[in-house]
Every structure is written in structure tokens, then in C-alpha cells.
Amino acid sequence: MRDIEARVARSAGAGRGRRIALVGLRGAGKSTLGRLLAQHLGWPLIELDRRVEEDYGASIPDLIEMAGTATFRRHERAALERVIAEHDPAIITTAGGIVSNPETYALLLRATHTVWIKARPDEHMSRVMAQGDFRPMAQNRAAMADLVAILDARRADYARAEGELDTSGEAVEASFSKLLRLVAPFIEERQS
């Protein structure tokens with residue numbers, strides 16, 4: 001464990017490197033844009049939730065149900081530390097709630113170029129449902145109000161990211177073009 005902590009400290013101390021993290025709520029476009037960006041750059045795509053599931057050996061919902069949110073957040077932090085220590089370059093996609101752990105989010109901001117991918121609340125909801133996930137609406141007539149409240153509560157934290165990209169009303173190709181322009185300085189920074 002000390003070895004990973006030392007590598008994380010060196011990686012974070014050396015700057016953000018060529019690590020780009022996408023943050024924001026589900027349905028904003030992080031996974032889609034992250035996959036496209038990783039393919040375009042030839043960098044690995046690391047979905048932090050998938051890394052937690054691999055490390056824990058169960059799905060995130062099962063982890064939270066069996067061990068609680070605090071345990072999930074500890075696993076998320078440990079997975080992020082390993083990713084930072086082991087990957088430069090990388091495109092990292094995160095869970096929307098990563099901002100709810102101040103220490104983990106501070107580490108992400110220090111060790112990556114972070115971009116907030118966002119959309120209007122109605123687009124978040126419709127995109128999640130278009131993917132076949134109806135959980136936001138199941139037994140919850142106030143799902144949209146809850147979504148707006150979550151966005152409002154996290155807005156200041158998400159806004160600490162180096163860049164913002166609003167995907168509202170945009171085709172994937174248009175959002176991806178904007179993302180490429182937004183991250184170009186982060187990529188060129190280390191290549192010069």
C-alpha cells in the first residue's frame with residue numbers, strides 16, 4: 001500500500017500529466033465522449049466504476065447494498081489512487097457522486113485535467129431512460145425535482161473542474177468536436 005501511496009504522490013506532485021477526467025451526472029455524455037476521446041488519442045479509457053467493480057468483485061449497487069456508501073467511496077478512492085499511479089496518459093470517467101468525497105475529488109483535480117460534462121436536467125433524465133434505465137422514475141414521481149436538487153447541490157464542486165462542456169441539444173459529433181478543442185491545451189502541454 002505504501003508503494004501505491006508513494007507513486008500517487010509522485011504522479012500528483014508531477015502535475016496532471018496526460019490524464020483527462022470527465023465528471024458530471026449520469027446522462028451528460030461522459031462515457032460516450034470518454035470512449036471517443038480515448039479512441040481518438042489512442043489512450044486507455046478507464047471507467048472508475050468498472051475498476052471498483054473489478055477490485056471489489058461485485059457491482060456498485062451490490063457493494064453499496066452490502067457494505068454501504070462509505071465503503072464504496074473508500075474503494076473509489078483506492079481505485080483512483082491506483083489509476084493515477086499507473087496511468088499516464090489516460091481518459092478517466094467517474095461516477096457523478098465523486099464530488100461528494102472532498103478528499104477524493106481534490107486528488108482528482110490535482111492529478112488530472114478535469115472537465116465537467118453537463119446537460120440540462122431533462123436531457124440527463126431522457127438519456128438515462130433511453131439507455132433502458134428506468135430506475136430514476138421507478139416509484140419516484142419527484143425524480144426530476146430530485147435530479148435538479150442534486151445538480152444544484154453539486155454545481156459548485158463540478159465547477160471546480162478546469163473545463164466545462166454543455167452537451168444540451170448537441171449531437172454527439174458536435175459535443176466531441178467541442179471537447180477536442182477544450183482538451184487540446186492539456187494534450188499539447190506535455191508534448192511540447
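The values are calculated or read from the model by the stated rules, or taken from the named source; none is laboratory data. Quantities reported herein were computed from a predicted structural model and do not represent experimental measurements. Please note: Cβ atoms are built from the backbone with ideal geometry, for glycine as well, and neighbour counts cover all protein chains shown. For the accessible areas, the whole protein counts, side chains as well, though only heavy atoms, and no ligand, DNA or RNA atoms are used. Shrake-Rupley method; radii C 1.70, N 1.55, O 1.52, S 1.80 Å.
Right, residue 81: assigned to a helix (DSSP H, G or I), surrounded by 15 or more Cβ atoms within 10 Å (Cβ to Cβ) and either under 16 Å from the mean Cα position of the chain (by Cα) or aromatic (Phe, Trp, Tyr) (or both) or not?
yes
Check 63, 45 and return the single one that is in contact (Cβ under 8 Å) with a residue 12 or more places away in the chain and more than 17 Å from residue 93 (Cβ to Cβ).
After applying the criteria, what remains is 63.
Please specify each residue of segment 155-170 satisfying the condition of being buried (at least 16 other Cβ atoms within 10 Å of the Cβ) and part of a loop (DSSP other than H, G, I, E, B).
161, 162, 167, 170
Checking the structure you have, find out if any residue of segment 87-104 is hydrophobic (A, V, I, L, M, F, W, C), closer than 19 Å to residue 18 by Cα, part of a loop (DSSP other than H, G, I, E, B) and in contact with a strand residue (DSSP E or B) (Cβ under 8 Å, 6 or more places away or on another chain).
no
Please specify each residue of segment 1-39 satisfying the condition of being open to solvent by 20 Å² or more (accessible area, probe 1.4 Å), within 16 Å of residue 88 (Cα to Cα) and modelled with pLDDT of 95 or more.
Hit for segment 1-39 is 39, nothing else.
Any idea how many residues of segment 48-60 are exposed (fewer than 12 other Cβ atoms within 10 Å of the Cβ) and either among the aliphatic types (A, V, I, L, M) or within 20 Å of residue 91 (Cβ to Cβ) (or both)?
Count: 1.
May I ask you to list the residues in segment 40-57 that are in contact with a strand residue (DSSP E or B) (Cβ under 8 Å, 6 or more places away or on another chain) and over 29 Å from residue 122 (Cβ atoms)?
Selection gives 41, 43, 44, 46.
Identify the residue in segment 105-132 that is among the small types (Gly, Ala, Ser) and without any contact (Cβ under 8 Å) to a residue 12 or more places away in the chain and, among all such residues, is surrounded by the most Cβ atoms within 10 Å (Cβ to Cβ).
Only one residue tops the list, namely 106.
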